[in-house]
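I have placed the structure first, in the form of structure tokens, so that the comments after it can refer back to it.
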Amino acid sequence: LESLPEEICQMKRLKILDVTHNQLTTLPRGIDRMTQLRQLYLSYNRLTCEAFAVEDMTSLPLQVLHLASNDLPDLPESFMAFQSSLEVLDVSYNALITLPEWLGQFERLSFLNIAHNRLRTITPALAGLTKL
């Protein structure tokens, strides 16, 4: 699967979407209409930062986001939209060099997998994540 049809965004009651092990490089326009989406599994695709447009992610109340084994050199700023809801973040097996300081504001985050990246240091801001 190289892309998701935009019609999937009409599933406004969908709570879990698992599209792991595909060849996705983009997310469908209108994903912001999936206002009940709580868990999004996108591991083992070919997603880059460009796939996560700010206008397409801000209204998603995600609690779980799996992005292992993609092509992410850093975390997109659009992820800040999940600051008040995200509990689980898996970004293992990417090309991350640093973690953004704003990640330290994700107070509900209780699981963070950053294994197998190119990290040289961990931002001190993560010390504020008391649920980890």
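Checking each residue in the stretch 99-123 for being over 25 Å from Gln36 (Cβ atoms) and either modelled with pLDDT under 95 or small (Gly, Ala, Ser) (or both) picks out Gly104, Ala115, Arg120, Thr121, Ile122, Thr123. For the stretch 1-19, residues that are surrounded by 14 or more Cβ atoms within 10 Å (Cβ to Cβ) and part of a loop (DSSP other than H, G, I, E, B) total 3. Scanning the stretch 17-57 for residues that are under 18 Å from Phe79 (Cα atoms) and touching a Phe, Trp or Tyr at 6+ places or on another chain (Cβ under 9 Å) gives Leu17, Leu27, Ser43, Phe52, Met57. The residues of the stretch 47-101 that are β-branched (Val, Ile, Thr), part of a loop (DSSP other than H, G, I, E, B) and either surrounded by fewer than 20 Cβ atoms within 10 Å (Cβ to Cβ) or touching an Asp or Glu at 6+ places or on another chain (Cβ under 9 Å) (or both), listed by number, are Thr48, Thr58, Ile97, Thr98. Here Asn113 clears all of (1) of a type outside the set (Phe, Trp, Tyr); (2) over 27 Å from Pro5 (Cα atoms); (3) buried (at least 16 other Cβ atoms within 10 Å of the Cβ); (4) within 13 Å of the chain's Cα centre (by Cα) except the condition numbered (3).
The values are calculated or read from the model by the stated rules, or taken from the named source; none is laboratory data. Just so we're clear, the structure is a prediction, and the values are computed from it rather than from any experiment. Positions of Cβ are backbone-derived with ideal geometry, glycine not excepted, and every protein chain shown enters the neighbour counts.
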